[in-house]
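Notes for the one structure printed next.
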Amino acid sequence: MVDKKQINVSFVIPVYNEEESLEELLDKIKKVADEHFNKYEIIVVDDGSTDNTWNVLKKLKRELYPNILKIYRFRRNFGKAAALSLGFKKTNYDFVATLDGDLQDDPEEIPSMIDIILEKDYDLVSGWKKVRHDPISKTLPSKIFNFVVSIVSGIRLHDFNCGLKVYRKEVVKEIKIYGELHRYIPVLAHWSGFKVTEKVVKHHPRKYGRSKYGFSRFIHGFLDLLTVIFLHKYIKKPLHLFGTIGVLFLIIGGIIDAYFLGVWLLTRTLRVRPLMLLGIFSIIVGIQFISLGLLGELITITNREEEYKIKEYEE
Ligand code: UDP
Ligand code: MG
């Protein structure tokens, strides 16, 4: 066991209409942190709640956690990823733990997740809700989602979207999340060269309020997967993606129309046939795709960013 008493932790909690849970949640976190950690701070981002969340937070800060609790409030609901992103920016300590604000995640898991980071030199430990207390309408699509993401991303996790995760500070300062990309934090971290693993965690049923996501989460989730793959693989070289598709179309169109050219040369007669139209169509589409890729190149050339991430350095 590593002596966690020297460890400082920033807790980051995104909340959207979770007024009933907050007091109990902060109390649980305090108990764990007082027992295990040296210093800690709790950063709560109110993602544009329309209930009493903000007033509850202000009251908790004034009455119970004046120095520990840091609260931020969005002007409107910008989404969980945006809330996490602000929370990450505000963290001050070496370890960062994220939790959902609905009491489904258990803060008692955090010390052993930090152990895993320290003992095996990981950068991110993601919770795995092996036994889940959610309706089947959510758990089944989620299983499929996790399976596809783990195949596509090359990182073998069972539960990408668990709210409970523990990070080394470097991870949260490095990766950029927005929109609904919070689902892909382990993927983004892995692709940036961080060491990622998972740990089975306890999961509780939602006690108050209701889930903030409907079925649309799965459709959005897969569209975001396209974004993530595109950003990772092709943002530096959009022509490789669009150009390849374009060249394929050009080849198909070229072969078809070469055939018709051959027919015309030999027989000097030519009838317009569906296949001929397909050939012309393919050539046009091919040229369009290549131009699209070139336009993409033009855009990335004006927005070039460093591709590599530096782990440490001396100057
Ligand atoms: N959340 C948020 N902004 C949103 C939606 C959700 O900050 O637009 C928070 C929510 O308050 C909770 C966490 O993200 O703390 C996870 O949301 P939820 O429990 O509804 O998701 P589920 O458990 O159903 O996956
Ligand atoms: Mg929840």
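The values are calculated or read from the model by the stated rules, or taken from the named source; none is laboratory data. Computed from a predicted structure; not experimentally measured. Note that each Cβ is placed from the backbone with ideal geometry, even for glycine, and that neighbours are counted across all protein chains shown. Surface areas here come from the heavy atoms of the whole protein model, side chains and all, with no ligands, DNA or RNA. Shrake-Rupley method; radii C 1.70, N 1.55, O 1.52, S 1.80 Å.
When Asn55 is tested against (1) out of contact with any helix residue (DSSP H, G or I) (no Cβ under 9 Å at 6 or more places or on another chain); (2) at pLDDT below 95; (3) away from ligand 2 (no atom under 16 Å from the Cβ), exactly one condition is not met: (2).
Mind checking whether some residue in segment 231-249 is in a helix (DSSP H, G or I), at pLDDT below 90, open to solvent by 80 Å² or more (accessible area, probe 1.4 Å) and within 16 Å of ligand 1 (Cβ to nearest atom)? The answer is no; no qualifying residue exists. Considering segment 127-149, the residues that are outside any helix (DSSP H, G or I) and within 16 Å of His182 (Cβ to Cβ) include one that is least open to solvent (accessible area, probe 1.4 Å), namely Gly127. Residue check: is Glu19 part of a helix (DSSP H, G or I), within 16 Å of ligand 1 (Cβ to nearest atom) and surrounded by fewer than 23 Cβ atoms within 10 Å (Cβ to Cβ)? No. Scanning segment 78-90 for residues that are more than 16 Å from ligand 2 (Cβ to nearest atom) and out of contact with any helix residue (DSSP H, G or I) (no Cβ under 6 Å at 6 or more places or on another chain) turns up Phe78, Ala82, Ser85, Leu86, Gly87, Lys89, Lys90. Remark: Thr227 matches the filter, which requires a residue to be open to solvent by 20 Å² or more (accessible area, probe 1.4 Å), touching a residue at least 40 places away in the same chain (Cβ under 8 Å), assigned to a helix (DSSP H, G or I) and closer than 28 Å to Lys89 by Cβ. Candidates in segment 102-125 are the residues that are within 16 Å of ligand 1 (Cβ to nearest atom), out of contact with any Ser or Thr (no Cβ under 6 Å at 6 or more places or on another chain) and in a loop (DSSP other than H, G, I, E, B); of these, the one that is nearest to Ile68 (Cα to Cα) is Asp106.
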